[in-house]
Structure formats: structure tokens, C-alpha cells
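*Asks:* Structure below; questions to follow.
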């Protein structure tokens with residue numbers, strides 16, 4: 001998908017999500033409980049089933065053997081099966097889901113809330129830490145919840161609030177990996193389109209919002225509160241499927257280029273052995289000069305797909321030491337290093353060609369879109385390209 005379309009999709013998220021929440025909460029005020037139970041809820045649950053099954057079918061058809069996509073496909077499939085079973089029970093074997101007038105969460109609510117929270121966090125776990133997630137670790141994540149449920153209802157301890165916040169604990173653990181993931185991407189890629197951590201943060205935000213609405217629905221014990229919850233489910237499934245389908249997998253990109261089989265290392269991983277590492281005997285200056293001359297002469301940064309491992313053409317180091325060399329000699333990540341050259345090239349082009357449009361400059365300098373170019377230019381120089389052009393005209 002083209003970056004401009006992705007940018008429009010990002011803007012739609014910040015427009016449609018608040019509209020979905022606000023409009024559903026407003027409409028829920030005018031839906032009687034009996035109307036919600038008999039007509040509205042079955043229709044919306046059927047809609048979520050359709051979105052889940054269709055989304056999983058699309059994902060599996062275009063999985064391209066990516067673990068993240070397959071995991072999301074299984075998530076949708078399992079949710080669709082669960083909601084289908086819930087619909088059958090709704091019409092043929094009614095279950096008491098909420099204890100009207102109660103002042104605490106029922107066992108059913110606690111169990112479902114925790115399971116859904118855990119299940120929705122499987123995809124971002126795999127996205128942030130590729131190849132780390134397996135069946136054993138997934139079950140270990142469920143163990144504290146099972147222990148708390150057992151203590152709460154076998155020993156009769158009041159642990160409802162601990163059970164409520166357990167999914168938030170898992171969410172907090174995931175957020176602790178966001179920064180490491182972003183640094184790792186910046187150390188290996190010169191373009192972060194469709195692999196940036198912002199999408200995962202948006203996903204986690206939607207998951208947290210669904211948890212909050214679910215909790216509010218349970219504690220208020222008003223069936224109409226489920227109206228907002230169901231609309232959020234449909235929105236999250238549809239939007240997430242679109243994003244995941246067109247999101248590039250950074251681990252697979254490196255695996256294809258390096259033919260490695262080891263898990264994706266975090267920035268502090270020192271497991272790789274040195275092929276030829278920087279030394280302190282003065283050779284770093286020569287390597288730095290060689291790299292700078294190659295960058296100026298060949299201009300590899302004009303290729304949007306320029307990656308860290310491409311530096312091996314002039315520097316005989318593996319990925320770990322290439323990153324360390326850039327941090328030591330240039331005090332920046334590979335992403336920042338390349339964008340400095342791109343911005344310098346953009347300035348030269350604008351000085352030599354005052355009438356050249358921003359879009360053409362961005363394309364010739366290796367940026368994926370004028371929007372990315374403007375944002376990067378502003379971050380590095382402190383002013384927009386137009387302001388710079390006026391000052392230097």
C-alpha cells in the first residue's frame with residue numbers, strides 16, 4: 001500500500017474511533033434494555049462474527065507465512081467461534097451474564113474479561129518481541145489469573161480488584177518493550193513506514209479502551225452499555241485487520257536479507273559474535289572516513305529500502321557492531337544517520353533547483369512521502385522546509 005494511503009488511514013483512526021465511542025454512548029441512552037436484548041445485541045454480535053470470520057479468511061489468504069499475521073488470524077477465528085456460540089446460547093440456552101443490582105463482578109464477568117484481555121495482547125506480544133511467544137510462555141501468562149480466580153472462589157478471598165487489573169499488568173509489561181522495539185527499528189532501517197511502533201501503541205490503546213468499556217458495562221450492570229462495547233469490537237477488528245494486512249514484518253525483512261535463524265535481538269542483545277569489531281587503535285577514524293566518502297559518492301540513502309546491513313559493502317562488521325560503530329562515532333542510530341544525509345541532499349537540491357516541488361525532492365532523497373520528509377526535516381532542523389526555503393532564497 002502506498003504511504004499516502006497509509007497516512008490517510010492513520011488520520012481516519014483518530015477521527016472514527018472517537019466518533020464510534022461517542023455516538024454509541026449517546027445512542028445507548030435511548031435503547032431500552034428489552035430492545036437491546038431482543039434485537040440490537042444479536043444484530044451487533046452477528047456483525048462482529050461476520051467481521052471476525054471474514055477478517056481471518058483474508059488474513060490467512062495473505063499470511064505470507066508471517067507469524068504475526070497468522071496469530072491475528074487465529075485471534076479473529078477464535079473470537080468469531082466464541083461469539084457464534086454465544087449467539088446460540090442467547091437464543092436457545094439463555095445465560096445469566098449480569099446479576100442486575102449486584103455491586104461486584106460475577107465470576108463469569110471476571111473470567112471472560114481476563115481471558116479476552118489476555119487473548120487480545122497475544123498479537124502485540126509477537127509484534128514487539130518476534131519469536132519470543134510460544135505455548136509455554138502463553139500459559140505462564142494465564143497462570144496468575146487462574147490462581148487468583150481459584151483463591152477468590154475456593155478460599156473466598158476478595159480478590160476481584162486484583163483480577164480486574166491483571167490484564168493491565170500484561171499491558172504495562174508490553175508497553176515496557178515499546179521503546180526497545182522502536183530503537184531496534186531505528187538501528188536497522190532507514191525508513192519506518194508500516195513498521196513503526198505507533199501502530200502497536202494504537203492497538204494497545206484500543207485494547208485498553210475495550211477493557212475499560214467492558215469493566216464499565218459490568219459494574220454498571222446496564223445491558224445497553226454493551227452497545228458501545230460491541231461497536232468497539234467491530235471497529236477494532238476491521239481497522240486492525242486492515243493495518244496488519246499491509247504492515248511489513250521487520251524481522252522477516254531482515255531474515256530474508258541475512259538468512260538468519262536466530263530470534264530478533266533487542267538493542268541490548270550481545271549474543272552475536274564479532275566478525276570484525278571497531279578497535280581503539282585509531283582504525284575507527286579510517287572506517288569513519290571510508291563510510292562518509294562512500295555515502296557521499298554512492299548516495300545509497302536515496303533508496304528508501306536502504307538498511308543497516310547494506311553498510312557491509314564498506315564496513316566488515318556484523319549488525320551488532322555496525323550499530324555500535326554508528327553510536328560511537330556518530331552518536332546516533334542508523335535511521336538518524338541516514339536521514340541526516342537525506343536532509344543535506346534535500347537542501348542541496350533546493351538550493352540548486354529553487355522551483356523543485358517538495359514531493360519531487362522527497363522522492364529523490366529517499367523519503368517515502370512528502371509528509372515523512374516534512375516531519376523529518378522539521379525534527380532535524382527545527383523549522384519546516386518552506387521556512388528554510390524562505391530564509392535561504
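What follows draws every value from the coordinates through simple rules; no lab data is involved. This is a predicted model, so every value here is computed, not measured. Heads up, the Cβs are rebuilt from the backbone with ideal geometry, glycines too, and the neighbour counts pull from every protein chain shown.
*Asks:* With r as the distance between the Cβ atoms of residue 220 and residue 50 and R0 = 25 Å, compute the FRET efficiency 1/(1 + (r/R0)^6) and round to 0.05.
*Replies:* Once the sixth-power term is evaluated, E becomes 0.35.
*Asks:* Right, another one. Roughly how many nanometres apart are two label points built 7 Å out from the Cα toward the Cβ at residue 137 and residue 85?
*Replies:* It works out to 2.7 nm between the two label points.
*Asks:* How would you rank 249, 193, 33, going from fewest to most other Cβ atoms within 10 Å of each one's own Cβ?
*Replies:* Lowest count first: 33, 193, 249.
*Asks:* Ranked by Cβ crowding within 10 angstrom, fewest neighbours first, how are 126, 298 ordered?
*Replies:* Ordered by Cβ neighbours within 10 Å, fewest first: 298, 126.
*Asks:* Take 376, 381, 371 and order them by how many other Cβ atoms sit within 10 Å, fewest up front.
*Replies:* The order, fewest Cβ neighbours first, is 381, 371, 376.
*Asks:* Using the alpha-carbon centroid of each, what span in Å lies between the stretch 38-67 and the stretch 290-344?
*Replies:* Answer, in whole Å: 43.
*Asks:* With r defined as the distance between the Cβ atoms of residue 57 and residue 384 and R0 fixed at 45 Å, what FRET efficiency is calculated, to the nearest 0.05?
*Replies:* Once rounded, the FRET efficiency stands at 0.55.
*Asks:* Another one. Express in whole angstrom the spacing between the alpha-carbon centres of the stretch 197-244 and the stretch 109-130.
*Replies:* So the two Cα centres are separated by 13 Å.
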